[in-house]
Amino acid sequence: MYKNLIEMFKENEGKGAVGAFNVHCFEMVPAMVKAAADLNVPIILQTSLGTAEYIGFEPLIAAVKALAENVPVNVALHMDHCKDIDALKRAIDLGYSSVMYDGSSLPIEENIKNTKEVVAYAHAHGVSVEGEVGSIGGAEDGVVVDKDAAMYTKPEDALHFASEAGVDALAVSIGTTHGQYKSKAKINYELLEELKEKLGDTGLVLHGGTGVSDEDMRKCVREGMKKINVGTELNKSYIEVVSKTFTAEGVTPLTSLRGLLGPANDRIAAIVTEKASLFKLD
Ligand code: 13P
């Protein structure tokens, strides 16, 4: 079933966090949905604006909706970290079920004003909205935040932002970094606890999932995270696998391209299964 985050979070209440996996190319899409369906968990497929433009909004949305209608689990299509309000309105018009407006680099009042505009438009179309307060460091598909500019989310700012902007989900900066694939993040659980207390119903979102250890993933889920993003690990693993299959001995121009991509798609499915299993509460 094709859902927005509001419906998805409600139906997943008490069952843990929903995994949000960044789609880097079209081939990943069916593998991700199948893995979630096999595990019987909801899934959020998310794209950068760049990926949406690369695949094409219409074919991407049509494929996700068609796949979603044929599985017994909830599937959302979410636009990740977008600073362009017109592009978000286009995504909403064309059928994304959820969007993120990222105004985290702006002064908070400007962030609230812009996010509110997106929320009004999105909610009128049955689409959910994620916002961001504080600043998550690192680099991710065009979103680059210098280490020095990264900033923990202040609980009072998060409360002010969430109640004024009316977002359904809120990305918080609690120690994770986008694109951290060589080491693991140190999570500030005291801050997470404070944020959870202040924010009540707004679904907290953990970004930078690649750099989070399995133990911390489980702990974040137990502490109430509602959405956990994983991106770089999928990109990295796809490259690792295709680098091997494409350069294997005996590959010729007549070798089946599908046969060379299959192992990479299988790896994507395995990562979704592995991470989504960590996000389930026992
Ligand atoms: P990673 O690429 O570090 O897993 O982060 C993904 C993310 O947070 C997307 O917004």
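Please state which of the following conditions ALA185 fails to meet, knowing it meets all the rest: (1) modelled with pLDDT under 95; (2) within 11 Å of the ligand (Cβ to nearest atom); (3) in a helix (DSSP H, G or I).
(3)
What about ILE174, is it in contact with a helix residue (DSSP H, G or I) (Cβ under 6 Å, 6 or more places away or on another chain) and under 25 Å from ASP38 (Cβ atoms)?
no
Could you please find all residues in the range 8-41 being in contact with a Lys or Arg (Cβ under 8 Å, 6 or more places away or on another chain) and within 24 Å of GLY56 (Cα to Cα)?
Those that are in contact with a Lys or Arg (Cβ under 8 Å, 6 or more places away or on another chain) and within 24 Å of GLY56 (Cα to Cα): GLY19, ALA20, PHE21.
Would you say LYS275 is modelled with pLDDT of 95 or more, within 16 Å of the ligand (Cβ to nearest atom) and crowded, with 17+ Cβ neighbours inside 10 Å?
yes
For the list (1) over 26 Å from VAL133 (Cβ atoms); (2) crowded, with 16+ Cβ neighbours inside 10 Å; (3) among the charged types (D, E, K, R), I need the number of the one condition that ASP93 fails.
(2)
For residues that are touching a Gly at 6+ places or on another chain (Cβ under 9 Å), among the β-branched types (Val, Ile, Thr) and within 16 Å of the ligand (Cβ to nearest atom), tally how many sit in the range 40-68.
Selection size over the range 40-68: 2.
State all residues of the range 207-225 that are more than 9 Å from the ligand (Cβ to nearest atom) and either crowded, with 22+ Cβ neighbours inside 10 Å or in a helix (DSSP H, G or I) (or both); if no residue qualifies, say none.
Residues satisfying the conditions are ASP214, GLU215, ASP216, MET217, ARG218, LYS219, CYS220, VAL221, ARG222, MET225.
Just to be sure I understand, how many residues within the range 175-205 are free of Cβ contacts under 8 Å to residues at least 40 places away in the same chain and not charged (D, E, K, R)?
10
The values are calculated or read from the model by the stated rules, or taken from the named source; none is laboratory data. Since the structure is predicted, the reported quantities are computational estimates derived from the model, not experimental observations. Every residue, glycine as well, gets a Cβ built from its backbone with ideal geometry; the counts of neighbours run over all protein chains shown.
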